Amino acid sequence: NFYLHDLFYLRELSHELHAHLNGSVSVQTMEKLIRRKPHLNIEHSMTAIGKGQRRTLDECFEVFKVIHKLVDTEEDILMVATDVIKEFAADNVKYLELRSTPREENHTRLTKKSYIETVIKAIQQCKNEGVDIDVRFLVAIDRRNGAEVAMETVKLAEEFMLSSGGLVVGIDLSGDPTVGHGRCLLPALERARNCGLKLSLHMAEVPSQLEESELLLNLPPDRIGHGTFLHPEMGGSQSLVDRAVKGRIPLEICLTSNVKGQTVPSYSQHHFRYWYQLGHPCVICTDDKGVFCTDSSQEYQLAASAFGLRPEAVWTLSERAVDCIFAGDEVKQQLRQKWTELKPGLL
Ligand code: 6MZ
């Protein structure tokens, strides 16, 4: 029944576990940023990849450089983070883990510390305003910055994990997958693990990262970002799959991002199918909702249409995502309760 389908999707609840802050900036917020900095001559077409458009992953990383020019003060970060949180809330996301790479900008006196403080401030402001979403923060390591910066980032995250009242819960490893090698980042990631920070690591986003994936799986991570080329049909290996399966390490699935960034040729060929059929935990995520012009509901709809999922299966996908969140058992319990209360009667 088409009508019921529509009704269901309008009410879709979700958890968003893979969202890069500066990749999640909406058109509206981007316009405010562009107005603040007219001298940069940046147009919106330079910061987003519209419907039907594709870019190489390299070109996607150029887009982030443009956005970083627009977001370089505490004031910008506060606005961007607040807007992004409210937009996810308006899309019925009830639990959000935002991730972002702390940057320092000498010309605006932004420091990595004040960067993190500002994201935390945005989370607290939204909470105080009663926005109906629980938000946590993953401090991101940009792999291209090497071992030393990675260690510095982990130390900062450690400090904030202790002082933020549970808002900083983990570390993300991201950045251009063709640059650098995870091997040199292992000491930083091990330290993060040992001090209680959770690990979400981008893995096998492009081919030829098999050796690195082996190393990273040894940590092991708490969640895998993308994991596109892990399985044998994509040139990965059965042993990598076995290890992810044995550890039940959830995969963060970003359909639009992977297709627009051309690491996956089409939705129907997306690796989600492989892992979902294995019964492996998969979480539907947006990655960069601003850059890839999507949102959480749209990603669930895409999953439903590309893989023929019935409404019940879509609901279960969003419900099970709670098992993969980094916040503690109490939060999980509250979210499970919410899902029970809000479950549409027709399912
Ligand atoms: C790897 C990505 C990414 O941290 O400034 N980022 N890293 N693969 C992807 N797939 C498309 N999308 C985003 O947000 C932007 C940063 O997130 C990472 C990159 O390091 C990018 O510079 P923040 O908030």
Regarding the range 71-148, what is the average projected area of its C-alpha convex hull, in nm²? 5.5
Note to self: with every protein chain in place and a 1.4 Å probe, the chain gives an accessible area per residue in Å² of 43
Take each of the peptides 203-216, 169-182, average the number of other beta-carbon atoms within 10 Å over its residues, and list them starting from the highest. 169-182, 203-216
Taking only the alpha carbons of the range 117-236, what extent do you get along each of the three principal axes, in Å, biggest first? 48, 30, 21
By how many nm would the segment from D323 to N218 lengthen if fully extended, with 0.36 nm per residue of separation less the alpha-carbon distance? 35.6 nm
Fully extended, how many nm does the chain gain between R35 and R183 (0.36 nm per residue separation, minus their Cα-Cα distance)? 49.1 nm
Rounded to 5, percent antiparallel among DSSP beta bridges of the chain: 5
In whole percent, the Cα-Cα distances of the range 1-155 spread across 10 Å bins from 0 upward as 10, 35, 36, 15, 3, 1
Carbon/sulfur accessible area of the chain, % of total, 1.4 Å probe, equals 50
Charge dipole magnitude, Cβ of K and R +1, D and E -1 - the chain, Cα centre, debye nearest 20: 140
Under a plain spin-label model, where a point goes 7 Å from the Cα along Cα-to-Cβ, how far apart in nm are N106 and N128? 3.4
Using only alpha carbon pairs under 8 Å that are at least six residues apart, calculate the relative contact order of the chain and give it in whole percent. 20
Can you tell me which of 57-65, 297-305 comes out highest on packing, and rank the rest after it, using the mean Cβ neighbours within 10 Å? 297-305, 57-65
At 222 nm, what value in deg cm²/dmol follows for the chain if DSSP H runs of at least 4 each add -39500 (n - 2.57) and the sum is divided by all its residues, to the nearest 500? -14000 deg cm²/dmol
Principal axes first, then extents: for the Cα atoms of the chain, list largest minus smallest coordinate on each axis, whole Å, largest first. 56, 43, 42
Could you sort the peptides 256-268, 229-241 by per-residue average Cβ neighbour count (10 Å cutoff), highest mean leading? 256-268, 229-241
Per residue, the convex hull enclosing the Cα atoms of the range 249-347 spans a volume in Å³ of 109
If you restrict to DSSP beta bridges whose two residues both lie in the range 56-205, what percentage is antiparallel, to the nearest 5? 5
What percent does the relative contact order of the range 1-113 come to when contacts are Cα pairs within less than 8 Å and at least six residues apart? 41
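The values are calculated or read from the model by the stated rules, or taken from the named source; none is laboratory data. This is a predicted model, so every value here is computed, not measured. We place every Cβ from the backbone using ideal geometry, glycine too, and count neighbours over all the protein chains shown. Note: accessible area is taken over every heavy atom of the protein model, side chains too, but ligands, DNA and RNA are not part of it. Shrake-Rupley method; radii C 1.70, N 1.55, O 1.52, S 1.80 Å.
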